[in-house]
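Only the coordinates and a few stated rules stand behind these numbers; no lab work does. The shown structure was predicted, so the numbers you read here are calculated from the model rather than taken from an experiment. With ideal geometry, Cβ positions are generated from the backbone for all residues, glycine too; neighbour counts draw on all protein chains shown.
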Amino acid sequence: MLETLKKWIGESSRIVFFGGAGVSTESGIPDFRSVDGLYSQKFDYPPEQIISHSFYERKPDYFFRFYREKMLPLGFEPNVTHKVLAKWEAEGKLSAVVTQNIDGLHQKAGSRRVYELHGSVLRNYCTRCGGFFPAEFVKDSDGVPKCDCGGIVKPDVVLYEESLNQNTIEKSVQAIANADLLIVAGTSLTVYPAAGLINYYRGNRLVLINRDATPYDNRANLVFHQSLGEIFSQL
Ligand code: CNA
């Protein structure tokens with residue numbers, strides 16, 4: 001099976017990689033839905049509720065405490081998967097990484113065409129004056145982070161109930177529709193509309209790499225229920 005994947009990669013020039021939290025677990029950042037993921041821990045409210053727009057509006061103090069502790073992955077390094085993808089792009093084999101991750105690790109590994117469907121913790125903006133703030137500002141502030149103008153500094157991260165950036169969706173759809181090989185990996189494929197974007201793929205080389213089974217397993221042409229590191233260290 002791995003030999004088939006290697007052959008397909010060798011023959012491709014428009015690979016698209018569609019990934020999720022599982023891509024960064026081997027860098028030390030927990031995902032949401034694995035047995036040791038965030039959703040299996042106990043909080044005062046379900047995490048899906050805490051990271052929703054209405055919760056952010058109602059209880060910003062609680063939101064930011066949770067965000068700082070559980071969602072701000074700073075100080076982590078790219079792993080072999082991030083690095084191989086950056087190398088493929090540099091070699092002209094990969095046209096885009098479409099990611100649900102918010103950790104910026106693909107760019108840190110050297111990838112340039114990265115479409116961040118759910119935004120990035122590395123960008124934060126004042127909701128009043130639009131001023132930019134780095135992640136460290138949010139991390140080091142107390143309570144609700146505030147700009148000098150008095151506005152709340154909000155992470156550029158898509159919360160539940162918020163819509164995705166239209167331009168990012170369009171670029172992702174275009175890349176996926178034109179892909180000669182689509183690798184979907186490290187994602188439970190349960191968060192919409194992101195998961196639905198893989199339906200735009202028109203080819204017959206859809207590869208799924210995920211430790212747990214996903215609702216799309218029967219649609220893929222090759223399925224690996226293995227860790228990404230195991231596979232990518234051989235590619
Ligand atoms: P998820 O629902 O937590 O699913 C992750 C999937 O990855 C699971 O099915 C695991 O089986 C699988 N997995 C975990 N580690 C590995 C590994 N090493 N090799 C192979 N498979 C693995 O995460 P999704 O991305 O599907 O859900 C979407 C959410 C999670 C997005 O909105 C993200 O923003 C959010 N998230 C992002 C990060 C991050 O930026 N690093 C971390 C945690 C959550």
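Quick notes on this one:
- Amide hydrogen neighbours beyond the local backbone of PHE18, cut-off 5 Å, H modeled: VAL98, ILE183, VAL184, ALA185
- Each part reduced to its alpha carbon centroid, the range 1-33 and the range 62-108 end up 13 Å apart.
- The trypsin sites (Lys or Arg not before Pro) found in the range 94-125 that occupy coil by DSSP, while having at most 12 further C-beta atoms within 10 Å, are ARG112.
- Entry note, the range 92-132: relative contact order of 38 percent, from Cα contacts under 8 Å with a spacing of 6+ residues.
- 5 angstrom amide H check on LEU94, placed H, neighbours 5+ away: ILE15, GLU89
- Across the range 202-231, the residues whose backbone nitrogen lies under 11 Å from the label position 7 Å along the beta-carbon direction of GLU11 are 204-205.
- Applying the Karplus relation 6.51 cos²θ - 1.76 cosθ + 1.60 with θ = phi - 60° to the range 200-214 yields 3J(HN,Hα) values of 7, 6, 10, x, 10, 10, 9, 10, 10, 10, 7, 4, 9, 5, 10 Hz, where x marks Gly and Pro.
- The count of lysine pairs in the range 31-145 whose Cα atoms are under 21 Å apart, excluding pairs fewer than 8 places apart on the same chain, comes to 11.
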